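Input: a single structure, listed below in structure tokens.
The values are calculated or read from the model by the stated rules, or taken from the named source; none is laboratory data. None of the values given here were measured: they were computed from a predicted structure. FYI the Cβ positions are ideal-geometry reconstructions off the backbone, even for glycines, and counts take in every protein chain you see.
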Amino acid sequence: MKQIVIGTAGHIDHGKTTLIKAITGIDCDRLKEEKERGITTELGFAHYRFGEDILVGIVDVPGHEKFVRHMVAGAWGIDMVLLVVAADEGVMPQTREHLDICELLGLKRGIVAITKTDLVDSDMVELVREDIKDFLAGRSLEGSPVIPVSSATGENVPLLRGLIEDAAREIDERSKEGIFRLPVDRVFTLKGFGTIVTGTCISGLLKTGDEIEIYPLGKLTRVRNIQAYHEDVGEAIAGQRVALNIQGIEKHDIERGVIIGRPGTLFLSQRIDATLKYLSLPLKPIKNNSILRFHVATTQEEARLVLLDGDAIEPGEEHYVQFVFPRPIVVLPGDGYVLRGPYTIQTIGGGKVLDILPGRHKRKTEGLSSIYALLMHGSDTDKAEYHLLKAGHGGLKKELLSILLGKEEKRTDHIIQALHEREKVRTIGRVIVHSEKFTEYKKALLGLIKDYYAKNPLKVGISREELRMRLPQVDPQVFLAALEECIREGVVVTEKDKVIAKGMRDARNEGVEHFKEVVLKRLYQYGFTPPGLKEFSAEVKKDERHLKDILEGLVFDGKAIKIKGDMYFHRDVIEDLKRMVAAYLTQKKEMTPSDFKSSLELSRKYMIPLLEYLDEIKLTIRVGDKRILRS
């Protein structure tokens, strides 16, 4: 069954709710206050079946200016608008504002109903018809059907139903593919069921039992049951009005404005790029850094406006802007939003979300207009390449790239494949890196190695971990891929855990090599009692830091052994020690620290580190206060 959603629009007391009841038989005013006051203050919902193949959901919105927030929530995600104008009043302020909102949200299809025709004569109806025609001239609903109706007498109600059915058959049904989103417009509890949330499914598909996340709260739960138009269904699909019975969440834990989605498929944005059209209203220019009210889906949040190409925006102008939010919101690229002033209860503009993870653009700089054009009109592959270039050396995980594009992962796979075919990207595990940024990272890696050697000519090389930490932070797999590619290209070599630029170790001068031999000779002479670094450097008349680099180089080459801190021994001395201890234990079976000390005439300063070293290399094993040979 094809399912679409239409929404009403129009001034307060123009008969929207009564008209819906005449069309569907359902009274959308459910609250006691609404019954008593005779006005709609909350969103109302109805539906009507056209045969067996079309189901139309209808969202009834409040007409009073105080409830425009609710109107925006109801208008977001609908496929068509039913604009209601009363025959006894004609076009009124909220008629204009509601149509502004519909246009800002991208609605281009609608039907206009002239209600309360039973209260006026035919001449007045025709006058209002002409008023509506002038009002719609040059606007999105220009040329839409205009039909006089009376909810009281039923005049033309069947004809209006027929027009709605015709429009429903022409409207393209929303795709079940895409990222699932359900902006919540109502939360309540039912005895025996628990918490129920309702909303219009914007995109994607969700099944009973699926795990969901409540954004931006970060709460995870599951769907216990799904209803669409008061009937149990197995799944919620795009274009439906649905109610979800969710597990383990209390009513007071959530509220209108949250978004239901699958875990990890949506992003919390505190800064977005967007278009902004300032309506042609008799208002002052909006200045940079103004605080405004930002409405998207069922969410309302304060936003600081950052104008990128000027200091103010005049009525009637359209600009490329940024919004900064004190608390994160959940949006996707392509979403329409509405902007209202901080004090005036009036819609002043709106536009389309372009980028949900932008950088801080420098104002009044060249190139911003080209970014705007790409995000507005570029292909999916162009947009993906833009996001990957913006991400830099670290690239993006496929899941995040999908969110930034507003696409499900299957579609993102095709986009990535297209970029691979153009040799624009590298896929490393789950990370996608732009080829230009990967090449830059490799150059930075090689440059850092060379710079490190230039500043530390006596060191063997830089360790892998130190190299990784000094480079721009990326996924470890990206670092390894870049390093391995440098090795395959022959510009880098690795020895043990050290990374060395090709040819650098061979470039050591004869003076350094001679000094290494001097140090090695002294180590052999010291035997089991080498001096500390400070004493050693004074003796050989060499800077302590340089001496340590030489000693570390000898350790790396296997000619010296480093034990506990900064004790360096000649390799042959340690080999002699191992043979002596092995022979002693073979004969005596066990050895106490005092036996070890007396055999080698060592102080405790050297005895303990050497004994622990023998344990570490698994020559000996400690049993109580004695050592024995490991089997």
Take GLU126 and tell me if it is under 37 Å from the mean Cα position of the chain (by Cα) and in a helix (DSSP H, G or I). no
Residues (surrounded by 14 or more Cβ atoms within 10 Å (Cβ to Cβ), over 41 Å from the mean Cα position of the chain (by Cα) and part of a loop (DSSP other than H, G, I, E, B)) located in the range 129-160: PRO145, VAL149, SER150, SER151, ALA152, GLU155, ASN156
Any idea which of ASP451, ASP475 is under 21 Å from the mean Cα position of the chain (by Cα), modelled with pLDDT under 95 and charged (D, E, K, R)? ASP475
Filtering the range 563-580 down to residues that are in contact (Cβ under 8 Å) with a residue 40 or more places away in the chain and assigned to a helix (DSSP H, G or I), which residue is farthest from TYR524 (Cα to Cα)? LYS578
Tell me, yes or no, whether the range 409-425 has at least one residue that is touching a Phe, Trp or Tyr at 6+ places or on another chain (Cβ under 8 Å) and crowded, with 19+ Cβ neighbours inside 10 Å. no
Go through the residues of the range 273-281 one by one and say whether even a single one is more than 13 Å from PHE323 (Cα to Cα) and of a type in the set (Lys, Arg). yes
Out of (1) farther than 25 Å from LYS21 by Cα; (2) at pLDDT below 95, the odd one out for LEU127 is which? (2)
Looking at the range 604-631, which of the residues that are loosely packed, with under 10 Cβ neighbours inside 10 Å and not in a helix (DSSP H, G or I) is nearest to the chain's Cα centre (by Cα)? LYS618
Scanning for something crowded, with 19+ Cβ neighbours inside 10 Å and over 29 Å from SER402 (Cα atoms), does the range 309-330 turn up at least one residue? yes
Residue check for THR200: of a type in the set (Ser, Thr, Tyr), crowded, with 18+ Cβ neighbours inside 10 Å and at pLDDT below 90: yes
Within the range 427-471, track down each residue that is among the polar types (S, T, N, Q), in contact with a strand residue (DSSP E or B) (Cβ under 7 Å, 6 or more places away or on another chain) and closer than 24 Å to LYS559 by Cβ. SER463
Considering LEU266, LEU220, which residue is part of a loop (DSSP other than H, G, I, E, B) and not aromatic (Phe, Trp, Tyr)? LEU266
Test: LEU585 is surrounded by 15 or more Cβ atoms within 10 Å (Cβ to Cβ) and part of a helix (DSSP H, G or I): yes
Yes or no: LYS534 at positive phi and modelled with pLDDT under 90? no
So LEU206 clears everything in (1) surrounded by fewer than 21 Cβ atoms within 10 Å (Cβ to Cβ); (2) within 16 Å of LEU266 (Cβ to Cβ) except one condition, right? Which one? (1)
Please verify whether HIS393 is in contact with a helix residue (DSSP H, G or I) (Cβ under 7 Å, 6 or more places away or on another chain), over 21 Å from ASP335 (Cβ atoms), part of a helix (DSSP H, G or I) and in contact (Cβ under 8 Å) with a residue 12 or more places away in the chain, treating the condition exactly as stated. yes
Which pairs have Cβ atoms under 9 Å, sit 6 or more apart or on different chains, and link a residue in the range 360-382 that is closer than 11 Å to TYR320 by Cα to one that is surrounded by fewer than 11 Cβ atoms within 10 Å (Cβ to Cβ)? LEU368/LYS362
